[in-house]
Amino acid sequence: MIKLKTRAEIELMRESALIVSKTLGVIAKEVKPGVTTLYLDKLAEEFIRDQGAIPGFLGLYDFPNTLCMSPNAQIVHGIPNNKPLQEGDIISIDCGALKNGFYGDHAYTFEVGEVDEEIKKLLKVTKESLYVGIREFRAGNRVGDVGYAIQRYCEKQGFGIVRELVGHGLGKEMHEDPEMPNYGFRGRGKKFTEGMVVAIEPMVNLGTHQINQLNDGWTILTKDGKPSAHFEHDVAIVNGKPELLSTFSYIYEALGIVSDEEKEFRQ
């Protein structure tokens with residue numbers, strides 16, 4: 001069952017989402033060769049708790065850490081460890097926070113030093129596809145409209161769309177209805193209405209869409225060993241249109257990036 005949110009609840013969710021956004025901004029300054037993902041995980045936990053929030057992933061379904069840290073061929077749900085990041089890596093960082101009874105859930109794929117041009121293109125197209133999908137998240141449209149738009153955009157570039165993992169509704173639970181696949185058909189699935197809040201999160205592979213899972217029971221990686229990218233925003237329907245609750249602006253400030261990509265989704 002889809003749980004619609006009031007304007008007041010959406011504002012509480014915005015607070016949780018922005019804590020995650022700020023956490024990723026703190027992490028962005030530290031993503032560099034030689035740094036371990038476990039170190040970044042500890043930084044994130046400390047920052048989230050300093051904001052009066054609780055790490056949203058820590059202990060959720062028994063996950064052992066604050067961040068999901070998924071380098072290179074890992075798609076999502078990677079477990080932080082003491083292996084240093086290397087020049088040319090990419091690292092998808094997914095973070096959650098719980099405050100005032102509501103979750104924020106937000107992800108970004110970072111470059112570690114200089115990466116290959118084909119990987120830069122993968123990251124660019126994946127992030128662009130996120131906004132392509134968000135534009136379809138409006139009152140009267142359906143789940144399939146978002147998935148179709150993302151799938152078409154990425155597959156035209158020759159990339160693989162992960163099927164087994166999807167976005168989701170968000171609220172007092174980390175995962176609520178509806179599921180938000182990154183593939184599908186226009187006009188199919190549940191209809192969007194005022195007050196819906198979802199996490200839209202394309203997971204896009206350089207090669208095949210097929211996946212494997214490590215024996216740790218968590219880490220999902222590409223079947224062909226090629227890199228994967230993951231970007232995620234929290235979005236509400238306000239006045240019939242998509243409004244971002246999360247932001248990449250803290251990441252961009254840390255990295256010296258100038259962008260107006262989120263402007264159309266601010267009311």
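Among 20, 66, 40, whose Cα sits farthest toward the positive end of the charge dipole of the chain (+1 at Cβ of Lys/Arg, -1 at Cβ of Asp/Glu, about the Cα centre)?
20
From the backbone phi of the range 211-222, what are the Karplus-calculated ³J(HN,Hα) couplings (6.51 cos²θ - 1.76 cosθ + 1.60, θ = phi - 60°) in whole Hz, Gly and Pro given as x?
Residue by residue, the range 211-222 yields 10, 10, 10, 6, 5, 5, x, 10, 5, 9, 9, 5 Hz.
Mind checking the range 28-77 for GluC sites (Glu not before Pro) that DSSP puts in a loop (not H, G, I, E or B) and that have at most 14 other Cβ atoms within 10 Å?
Those satisfying the criteria are 30.
Of 241, 99, 124, which has the largest mean-square fluctuation in a 10 Å C-alpha GNM of the chain?
Looking only at 241, 99, 124, the largest GNM fluctuation is found for 124.
By how many nm would the segment from residue 87 to residue 262 lengthen if fully extended, with 0.36 nm per residue of separation less the alpha-carbon distance?
60.1 nm
Which one, 170, 158, 217, is farthest towards the positive end of the dipole of the range 158-267 when Lys and Arg carry +1 and Asp and Glu -1 on their Cβ?
Positive-most Cα among the choices belongs to 158.
Please give the charge dipole size of the chain, origin at the Cα centre, charges +1 on K and R Cβ atoms and -1 on D and E Cβ atoms. Round to the nearest 20 debye.
With only Lys, Arg, Asp and Glu charged at Cβ, the dipole is about 780 debye.
Could you run the Karplus curve 6.51 cos²θ - 1.76 cosθ + 1.60 with θ = phi - 60° over the range 86-101 and give me ³J(HN,Hα) per residue in whole Hz, x for Gly and Pro?
Going residue by residue, I get 10, 3, x, 5, 10, 9, 8, 10, 10, 9, x, 9, 10, 8, 6, x Hz, with x marking Gly and Pro.
Express in nm, to one decimal, how much length is gained between residue 175 and residue 38 on full extension, taking 0.36 nm for each residue of separation and deducting their alpha carbon distance.
46.8 nm
Treating only the Cβ atoms of Lys and Arg (+1) and Asp and Glu (-1) as charged, compute the dipole magnitude of the range 1-157 about its Cα centre; round to the nearest 20 debye.
Using Cβ point charges on Lys, Arg, Asp and Glu, the range 1-157 gives about 620 debye.
Taking R0 as 25 Å, what's the FRET efficiency between residue 135 and residue 253 from their Cβ-Cβ distance, rounded to 0.05?
That gives a FRET efficiency of 0.50.
Evaluate the relative contact order of the range 7-265 (contact order divided by residue number), counting alpha-carbon pairs under 8 angstrom at least 6 apart; express in whole percent.
The value is 22 percent.
Only the coordinates and a few stated rules stand behind these numbers; no lab work does. Keep in mind that what you see is a predicted model, and the values were worked out from it rather than measured. Please note: Cβ atoms are built from the backbone with ideal geometry, for glycine as well, and neighbour counts cover all protein chains shown.
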